[in-house]
Amino acid sequence: MTHTQSDGLPGPEGASPNWGMEHASLRNEQMAGNKIECNACPVLCQISKGRAGACDRYANRDGLLVRLDPVVVLQQSLLQKDTHIQDSKLGELSLREATQIKAQDHEATPSHGVFVTGVGSSTTYPDYKPAPFIVASQSRGVDMVTVVTEGIFSYCSLKVKIDTDRYLGPEQAAVRCQGEVVGHVTTAEYGSQMFSLGGVHHLTGGSKKEGRITMNMMQALGNRDAVEVQVEGGSTVVLQAGQAPIVNGVKEQRMRVGCGSAAIGIFAQQWLGLCDEVVVVDDHITGVLSEHQAGKCLHIRPSGIQIKGRKSTPGRYFQVANPGTGWGGTDIEDPLSILDAWDADVARPGLRLLMTSTTGEHAAWYVLDEQLQAQEATMPEAVRQVVDRIGENCEPSMVSVLFLGGAGGSLRAGITDNPVLLTRAIKRALVNVTCGGAPSYVWPGGGITIMVDVLRMPRGSFGTVPTPAIVAPIEFTMRLSDYKALGGHMGYVRSLDDSLRHGAWHTDGAPTQVRWEAPSIGDNPWPLDSPPMLG
Ligand code: SF4
């Protein structure tokens, strides 16, 4: 039995020709029948020549274990248009080819303004080797280091914000994908409804099928693909990061301007003199102008209107109807159905009533007849303009997908010999944690629990392994002196140039190609400039 061959990439400058072999794990072994064992995750695939492993991320290329995807490198100069055109010819080349071309084109070191991301960088799990790239660089004259790896996340989920008033389902209801439960409806937020999808219990705590479907759903949503889910007792929703949600086959257009009460407060002045009464229908808080504080301040006369539902405070009503996909997130199609008979001692024939939803998508104009019955009439142009302004103030509906992952486990061993020091350094804001170069929010409390907007990450950032778990990029940037102090793998620190020219330090399963990208995704701050290290 022999060890996996080197992929031919040399080690760091000045290292012996066998550097990679000496430093590589002894676990990647050439098996009988020209198979290689991949040890990048606990599945330990035995891969035949010319074939890929179970995750399609690693392959046996002529007896060498290689990472199939290119490592993604961000370069600031690609933001300049002319440079971008020049660089488009690079495509996906070998690391060596790409760096040579870039050096010729720019007549400068190709490492200037460059950030190696964890996307495609490779890793080992559970991290018995140092991270594949531990890159030294300078920022504003300070010696920095970025530890780059792919993380294998068993503990991870997606928090999905869906901008819509339409009823998606009851809180705590199960969310299913291809028939399997993959998450649940969580709290509704202002103008949005929230799903919590994935998580370790669905990945590993149920059946194999549940775990596989959960994993594939998470990968697809993370990579900005569309996924259809069904809410038990609710709607069918198509989710795609950055796109409008599609609820029961209808593409959502607008996020509401506010609740019904807020809409009254915002537009009361503009309705003054045009309407005698306004009702903004909302599943949460339906607003009534003449009773609302905003109407009182404008001395609007009582109208005698009587609203079904539970009165909260003057001019604010809860539960006027059931939740649904009709007016204002209720189940009603006829807005008059939420009104009781008018108070005959107060109401008067000719009274002008506007009823609208919180987005202005639904609106109707009525005038009371002699019997105090509301009769629909043509909406005056001036009133229509205010309704249109409600619509104008609604932001486009969008699905936002945030990846939430726990990086406080063995992943830390790829960074330091003393993992708790990394955790403490992050809590002390000495380390900038990014995912594919995108800024992450680190949750307070124990562990390293990060949250990142997938739209700010490079496309195709997420992969899977059939344990099942999600593969996602993660980078830790800090001062070189801090890295040393927290017990970092100083023997594996290499310059940016050297990292770009030679790839990952290890030779088994290392990426052999690079994909250059502009770092402009979502206006991300440049990872090396971000506070707190240099603030
Ligand atoms: S699933 Fe992928 S990472 Fe895991 S052992 Fe197989 S090829 Fe390697």
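Miscellaneous remarks
- In angstrom, the C-alpha Rg and Dmax of the chain are 29.2, 99.
- Average Cα contact separation per residue, the chain, under 8 Å, 6 or more apart, as relative contact order %: 23 percent
- Kirkwood Rh and Cα Rg combined as Rg over Rh, evaluated for segment 104-218: 1.17
- Kirkwood Rh in Å, taken over segment 397-455 so that all alpha-carbon pairs contribute: 12.2 Å
- Rg/Rg_ref, segment 362-466, where Rg_ref = 2.2 N^0.38 Å and atoms are Cα: 2.06
- The distance between label points at Lys308 and Lys208 comes to 5.2 nm (points 7 Å beyond Cα on the Cα→Cβ vector).
- Given Lys209/Lys427; Lys35/Lys209; Lys161/Lys427; Lys129/Lys208; Lys49/Lys159, the pairs whose alpha carbons are separated by over 31 Å: Lys209/Lys427; Lys49/Lys159
- Mean separation of Cα contacts under 8 Å, 6 or more apart, over the residue count of segment 260-392: relative contact order %: 24 percent
- Between the Cα long axis of helix 381-392 and the first principal axis of the chain there is an angle of about 20°, rounded to the nearest 10.
- Separation of alpha-carbon centers, segment 112-158 and segment 235-274, rounded to whole Å: 41 Å
- Residue exposure sequence - Met217, Met398 - by fewest surrounding Cβ within 10 Å: Met398, Met217
- As a proxy for reagent exposure, Val250, Val280, Val71 were ordered by neighbouring Cβ count within 10 angstrom, fewest first; the result is Val250, Val71, Val280.
- Dipole magnitude (debye, nearest 20) for the chain, charges at Cβ of Lys, Arg, Asp, Glu: 1340 debye
- Approximate spin-label separation Ala344-Glu228, in nm, with each point projected 7 Å along Cα-to-Cβ: 5.4 nm
- The Val250 and Asp417 beta-carbon pair, evaluated with R₀ = 45 Å, returns a calculated FRET efficiency of approximately 0.20.
- The C-alpha atoms of the chain define a longest principal axis, and helix 260-271 lies at about 60 degrees to it.
- CD proxy at 222 nm, helix term only [per DSSP H run n ≥ 4: -39500 (n - 2.57); per residue of the chain; nearest 500]: -5000 deg cm²/dmol
- In summary, the aspartates and glutamates within cross-link reach of Lys484, defined as a Cα separation below 16 angstrom excluding same-chain residues under 8 places away, comprise Asp143, Asp417.
- For the chain, with +1 on Lys and Arg beta carbons and -1 on Asp and Glu, the positive-most of Ile390, Val66, Ala220 along the dipole: Val66
- Net charge dipole size for segment 260-392 [Lys, Arg +1 and Asp, Glu -1 on Cβ; Debye, nearest 20]: 500 debye
- Cα coordinate range in segment 260-392, projected on the principal axes (Å, largest first): 33, 29, 28
- In degrees, nearest ten, helix 208-222 long axis to first principal axis of the chain (Cα): 80 degrees
- Selection among Leu372, Gln75, Leu500 by position relative to the dipole of the chain gives Leu500 as farthest towards the positive end (Cβ unit charges, Cα centre).
- Separation between Cα centres of segment 166-181 and segment 402-449, rounded to whole Å: 31 Å
Throughout, read-outs are computed from the coordinates displayed, never taken from laboratory work. Nothing here was measured: the structure is a model prediction, and the numbers come from that model. Here the Cβ is made from the backbone with ideal geometry for all residues, glycine too, and neighbour counts use every protein chain on show.
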